[in-house]
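Written out below as structure tokens is the structure these notes cover.
The values are calculated or read from the model by the stated rules, or taken from the named source; none is laboratory data. Since the model is a prediction, treat every value here as computed from it, not as a measurement. Please note: Cβ atoms are built from the backbone with ideal geometry, for glycine as well, and neighbour counts cover all protein chains shown. For accessibility, only protein heavy atoms count, side chains too; no ligands or nucleic acids. Shrake-Rupley method; radii C 1.70, N 1.55, O 1.52, S 1.80 Å.
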Amino acid sequence: AVPFLIESLAEPKSRYWASVVLAEIGPEAGPAVPALLQIAEAGDGEPEERMQAILALAAIGDEAAAKAGGPLATLASSEKGPVQFAAVYACGVLRAADAADALEGVATSEVPFLSAIATWGLARIHPDDATRVTAAYDKLMAGMQDENPSLRQASVTGLSDIEDNLSAEQRASLAAELTVGIQDAAAAVREAAAAALVRLGSDA
């Protein structure tokens with residue numbers, strides 16, 4: 001299916017959905033990286049199409065990281081809105097080392113969600129750096145208290161993603177917070193918290 005989908009990326013009417021399917025295919029969609037990157041970098045492109053192309057790059061993984069880390073770092077620092085959010089997220093997912101400086105700048109953003117994603121991304125890029133991991137932990141733990149359920153859900157998922165690098169004390173505190181999370185008013189937050197508790201294993 002990948003060659004057909006790459007052709008579909010050239011068509012405005014099918015571009016978005018081709019990117020969605022390529023993201024579902026994941027690592028085996030590696031040959032689509034150049035075409036997806038071209039869409040992502042198109043400054044005059046539709047934001048939704050660019051965002052979905054970036055999310056597809058994140059889903060493809062290592063092959064995308066090797067080719068797209070630098071361009072995604074540029075988008076993370078130069079774009080605004082959904083394209084920037086997606087680029088920052090993708091840099092974290094791909095552990096793009098050459099995006100570290102860009103994420104450092106974004107981490108100081110006054111937009112709480114964007115700052116949290118950037119800080120999480122830095123912890124992903126530098127998993128052995130206790131200072132960066134703790135910064136992500138503190139910011140995401142605070143995000144679990146936000147009035148926005150989407151931010152609470154994202155914070156839970158982000159914490160679960162870095163839990164292997166947390167200290168025993170941090171893991172214990174996270175388990176206690178997740179126990180509160182499974183009683184959240186929002187179903188998506190409850191589900192994310194339950195999954196995160198399972199991932200914590202015996203610490204939960």
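I'd like to know if the stretch 27-48 contains one or more residues that are closer than 20 Å to residue 122 by Cα and in contact with a helix residue (DSSP H, G or I) (Cβ under 8 Å, 6 or more places away or on another chain). Walk me through how you get there before you give the answer.
Pass one, the stretch 27-48, residues closer than 20 Å to residue 122 by Cα: none.
Looking through the stretch 27-48, none of the residues is closer than 20 Å to residue 122 by Cα and in contact with a helix residue (DSSP H, G or I) (Cβ under 8 Å, 6 or more places away or on another chain).
What are the residues in the stretch 135-162 that are in a helix (DSSP H, G or I) and among the acidic types (Asp, Glu), if any? Spell out how you get there, then give the answer.
Just the residues of the stretch 135-162 that are in a helix (DSSP H, G or I), to begin with: 135-143, 149-161.
Once the filter is applied, which keeps residues that are in a helix (DSSP H, G or I) and among the acidic types (Asp, Glu), the stretch 135-162 yields 138, 161.
Quick one: in the stretch 165-181, which of the residues that are open to solvent by 70 Å² or more (accessible area, probe 1.4 Å) and in contact with a helix residue (DSSP H, G or I) (Cβ under 9 Å, 6 or more places away or on another chain) is farthest from residue 92 (Cα to Cα)?
It comes out as 180.
Scanning the stretch 1-49 for residues that are touching a Ser or Thr at 6+ places or on another chain (Cβ under 8 Å) and not acidic (Asp, Glu), which turns out nearest to residue 60 (Cα to Cα)?
Checking each candidate, the answer is 36.
So which residues in the stretch 132-152 are open to solvent by less than 60 Å² (accessible area, probe 1.4 Å), among the hydrophobic types (A, V, I, L, M, F, W, C) and more than 16 Å from the chain's Cα centre (by Cα), if there are any at all?
Listed by number, the residues that qualify are 135, 141, 144.
Scan the stretch 43-53 and give yes if some residue there is of a type in the set (A, V, I, L, M) and open to solvent by less than 20 Å² (accessible area, probe 1.4 Å), otherwise no.
yes
Condition check: surrounded by fewer than 17 Cβ atoms within 10 Å (Cβ to Cβ), modelled with pLDDT of 95 or more and more than 25 Å from residue 49 (Cα to Cα). Does residue 108 satisfy that?
no
Yes/no matrix, rows are residues, columns are (1) exposed (fewer than 15 other Cβ atoms within 10 Å of the Cβ); (2) farther than 23 Å from residue 34 by Cα; (3) in contact with a Cys (Cβ under 6 Å, 6 or more places away or on another chain):
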{"site": "71", "(1), (2), (3)": "no, no, no"}
{"site": "76", "(1), (2), (3)": "no, no, yes"}
{"site": "80", "(1), (2), (3)": "yes, no, no"}
{"site": "84", "(1), (2), (3)": "no, no, no"}
{"site": "88", "(1), (2), (3)": "no, no, no"}
{"site": "93", "(1), (2), (3)": "no, no, no"}
{"site": "99", "(1), (2), (3)": "no, no, yes"}
{"site": "102", "(1), (2), (3)": "no, no, no"}
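Regarding residue 199, is this residue at pLDDT below 95, charged (D, E, K, R) and assigned to a helix (DSSP H, G or I)?
yes
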